[in-house]
Each structure stands twice: as C-alpha cells, then as structure tokens.
1. At 0.36 nm per residue, and after removing the present C-alpha to C-alpha distance, how many nm does the segment from Ala35 to Arg13 gain when stretched out fully?
2. Apply the a/c threshold of 1.5 to the C-alpha gyration tensor of region 1-46 and tell me whether it is rounded, prolate or oblate.
3. Mind listing the long-range amide H neighbours of Ile6? Cut-off is under 5 Å, sequence gap 5 or more, other chains count too, H placed in the peptide plane at 1.01 Å from N.
4. To test your reading of the geometry: what angle, between 0 and 90 degrees and rounded to tens, separates the Cα axis of helix 140-152 from the longest principal axis of the chain?
5. What distance in nm separates the simple spin-label points at Phe43 and Val3, each placed 7 Å from Cα in the Cβ direction?
6. If you stretched the chain out fully between Lys62 and Gln26, how much longer would it get, using 0.36 nm times the residue separation minus the C-alpha to C-alpha distance?
7. Which of rounded, prolate or oblate describes region 83-126 when judged by the alpha-carbon gyration tensor and an a/c cut-off of 1.5?
8. Would you list Val224, Val202, Val3, Val152 from fewest to most Cβ contacts within 10 Å?
Amino acid sequence: MNVPIIDQGAVNRILNMRVCIDLIKQVQIGISEGAIKNPLRSFNALSQKQNLFGVMPGELPKQSVFGAKLISVYPENPKINKQPAIQGFVLLFDSDTGAPLAFVDAASLTAIRTAAASAAATHALARDNAKVLALLGYGVQAASHLQAMLEVREIDKVYVWGPTLANALAFAEKYSRLFEIEIQAVDQAEYAVRHADILCAVSNASQAIIKGNWLQKGAHINLVGAHTPDTREADTLTMSRSRIFTEISEIALKESGDLILPLASGDISISDIVSEIGLVYKGVIKGRLNSTDITLYKSLGNTAQDLICADYVFRNYKAA
C-alpha cells in the first residue's frame, strides 16, 4: 500500500488562503446543520507535563472521508528547539473502503486553516470599513492571521504586540516588507487594543491580555490562542460587552477558559453566546446588529476543519 506523505511545502503550495476561507465556511455550516459531528478531542499529558499528545477524530460524510489529527503540542519548542509548537499529521481514510488515503502535514495545515477560520468570522462580523488590525502575538499564527485578514478587509495599518518587544520589532520589519503594509510594533497591549478595529489574539497567554475598557465601539475580536478551561486571552468585561460566537458551543463550553471562567463567576450567562458561527454563514443568525456592536469569535479549531482541508490538499496533490 502506497500512502503518500504530503509535506509542509506541498500543503503551502496547494492550500491557498482564499480557498481555505471558503472551505471553513462550508464545514461550519455543515456542523451547525448537524450534518457533521465532531467527537470531543483528547489531549494526553506526557512525562514532561507541559507537553501533550493530541488525538482528534472525525468524519465528513459528504466528502466520504474520515480520519484523525494526531499531534504533539510542545509549547516551548519555538524558543528552545527552534521547532514548531505543533507537529504531526492528519491521517485521512476513504469512507467507502476504509483504506488510508494520505498523511497530511498538520503544522502547516493548522497554521492556514486556523487563520482562515478567523478570516471567515471577520468577514461575517467585522465592520465593512474596519482598516486597523492588532496582532497580539508574533508567532506562526500572527503571520498567517495577517495574511488572512488582508483577504477579507482593506487593512491599512497593523499594530503588533508580544511579551518581547525585540521580537515584535522583528516581526514588523519582516512582514511590512513582505505584505507592503505599515506594521508598528508596540510595547503595550493596551495601545494596540485601543487603536484597533480588528483584534487577533494569537498568543500563548494564560491570563487576559485584552481588557474590556480598552475596546473601541464597533471592534471585532478573534480569540485564538487560549484553548484550555483555565486559560484566557480576554477579561470578563470583554466577554460581557461582546456579541459572542463559537465554532461548536458544546466544545467551547468544555474547553474555552475565555467562556468557562466568566460563566463560573456569573458575570456572563449561556444566553450571552449568540450562536455558532455556521448559522451566521448560513444567514440564519445576524452577526453584527449595528456599527457600535463589539463582536467576538472564539476559535478552538475542530477536526472537521482539518479533514476538509486535508481532503482538498490530497485531491489536488493526487491530481498534480
């Protein structure tokens, strides 16, 4: 059996951001319609407790594929080993025969599809005239989110913040040249938040880096970096001021500290979660009601997103 291993270079060549945004919208509609089920994923602690092994199964009936994303999560890798924090594969199977189809590099696929999911939400929720972007973080996801935001809004100014100003400056220098856009590194998250129409929190923060009293009226927020019940990137006031949208509410209420912590304190209620984002894409729920709404998309990622992107990569790889 000759099962191809589709590496990072091939994923980056095949899965362009515009295509990925459309795939994400398609799969989120399927989830909210009930046509696609996502079992709860599992993260198992390794002997070095900060490191995890993740197993994420799922199926796409319409595409006749199923599979699992198998990854290692080593948060200190970029700093210590100069390797990605997330490594692994999406293993894709044929639903009709049960035969394995491909191993698709997970790190590159995750980088693209996570940013594409934020871009799809931004396209649906942000003001049409939003032009100023804040990136809270300067890693792989910051770079992919910058690219993704440029696909859905006419961004003319970017602020980037992170815990080390030198790294933020390096990011600004590199990507201002690459994307031919003005990027300013700042040493205070508050400055970036106060001046932004669109915020992408793509950090490793465990405590809130976005404060609700910093937000402009009409801002849109993508919360991406925190993905455990006890970590958060936005404070309670941010959540209580926002129209909140999830990918899959059932999973978000089990995994997202951004939601779990203010719910536990009683500062927000379940009714403050407006809907899953797929219902906005489908046109069932209105995302933004007016120009002063603060909208918020809580991203956790899900296996269906990985599988639809892996399936697209595999089919185009095979065709080539």
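1. Values: separation 22, 0.36 × 22 = 7.92 nm, distance 2.97 nm.
Stretched out fully, the Ala35 to Arg13 stretch lengthens by 4.9 nm.
2. Numbers: a/c = 1.94, a/b = 1.14, b/c = 1.70.
Verdict is oblate for region 1-46.
3. Phe103, Val104, Asp105
4. For 140-152 against the chain, the angle is about 80 degrees.
5. Taking the simple label geometry, Phe43 and Val3 are separated by 2.6 nm.
6. Values: separation 36, 0.36 × 36 = 12.96 nm, distance 1.11 nm.
Taking Lys62 through Gln26 to full extension adds about 11.8 nm, to one decimal.
7. Numbers: a/c = 5.56, a/b = 1.59, b/c = 3.49.
Note, shape of region 83-126 comes out oblate.
8. Details: Val224 25, Val202 28, Val3 11, Val152 21.
Taking fewest neighbouring Cβ atoms as first place, the list is Val3, Val152, Val224, Val202.
Read-outs throughout are calculated quantities, based only on the coordinates presented, and are distinct from any laboratory measurement. Since this is a predicted model, take the numbers as computed values, not measurements. We place every Cβ from the backbone using ideal geometry, glycine too, and count neighbours over all the protein chains shown.
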